[in-house]
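Structure first, commentary second.
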Amino acid sequence: RNLATWSSSGTSVSGFITKPLGDGPFSAVLVLHTRGGLGTHEHLQASLLADRGYVALAPDFFTPEGITPQSFDLSTTLTVHVDRIREHVSGGIECLKSLAYVDSGRIGTVGFSLGGYFGLLVGARDDVKAVVSYYGAYHGSGASRVPTKYAFTDVAAQVSARVLMFHGDADSEVNIM
């Protein structure tokens, strides 16, 4: 594991990166965290992906916005911070593309809950080829939903990447669409 940093919206963003053995070029995956922030789960996912032949970058997209798991507010994150976080996450894609051992034509995202939402947002980029979302936080429609700047249906209509979504119909935290 190594630390990666890049500039985004005038601030520094960092994350950790894992690489398989060998010279590559390898496919790459951006691993996007939940509202719990960057932690052990993302480290494990990135390591598992590297063991399977992928370069994996897990960015901390909260810290540049001054967000912590304790101060996290879904409504503010999905309205006030959403564009800057999308830029931070897009910067992670650019970081991956800049690496000589990454095949820049084979980059995807895997996101968990809130990370699933941001994975879908960057899935609208032409250079993102696949999006995998686990119990993605797709709010913004229906009376009980949290307001978002970008509704799920609008975002999904712009995505050209292949999308695979996993969601439980008994999930009491994030309602299935």
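The values are calculated or read from the model by the stated rules, or taken from the named source; none is laboratory data. If you're wondering where the values come from, they're calculated on a predicted model, not measured in any experiment. Counting neighbours? That spans all protein chains shown, and the Cβs are built from the backbone with ideal geometry, glycine included. These area figures cover heavy atoms from the full protein model, side chains too; ligands, DNA and RNA do not enter into them. Shrake-Rupley method; radii C 1.70, N 1.55, O 1.52, S 1.80 Å.
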Within the accessible area of the chain, what % is carbon and sulfur when the probe is 1.4 Å and the other protein chains stay in place? 51 percent
Provide the FRET efficiency to the nearest 0.05 for the residue 2-residue 169 pair, computing r from the beta carbons and using R0 = 35 Å. 0.35
Would you mind giving the three semi-axes, in whole Å and largest first, of the ellipsoid equivalent to segment 1-81 according to its Cα gyration tensor? 26, 14, 10
To two decimal places, what compactness ratio does the chain give when its Cα radius of gyration is scaled by 2.2 N^0.38 Å? 0.97
As an exercise, use a Förster radius of 45 Å and the Cβ-Cβ distance of residue 79 and residue 129 to find the FRET efficiency, rounded to the nearest 0.05. 0.95
Interatomic Cα distance distribution for segment 59-121, bins of 10 angstrom, percent: 19, 52, 22, 7
Report, in debye and to the nearest 20, how large the dipole of the chain comes out about its Cα centre when Lys and Arg carry +1 and Asp and Glu carry -1 on their Cβ. 180 debye
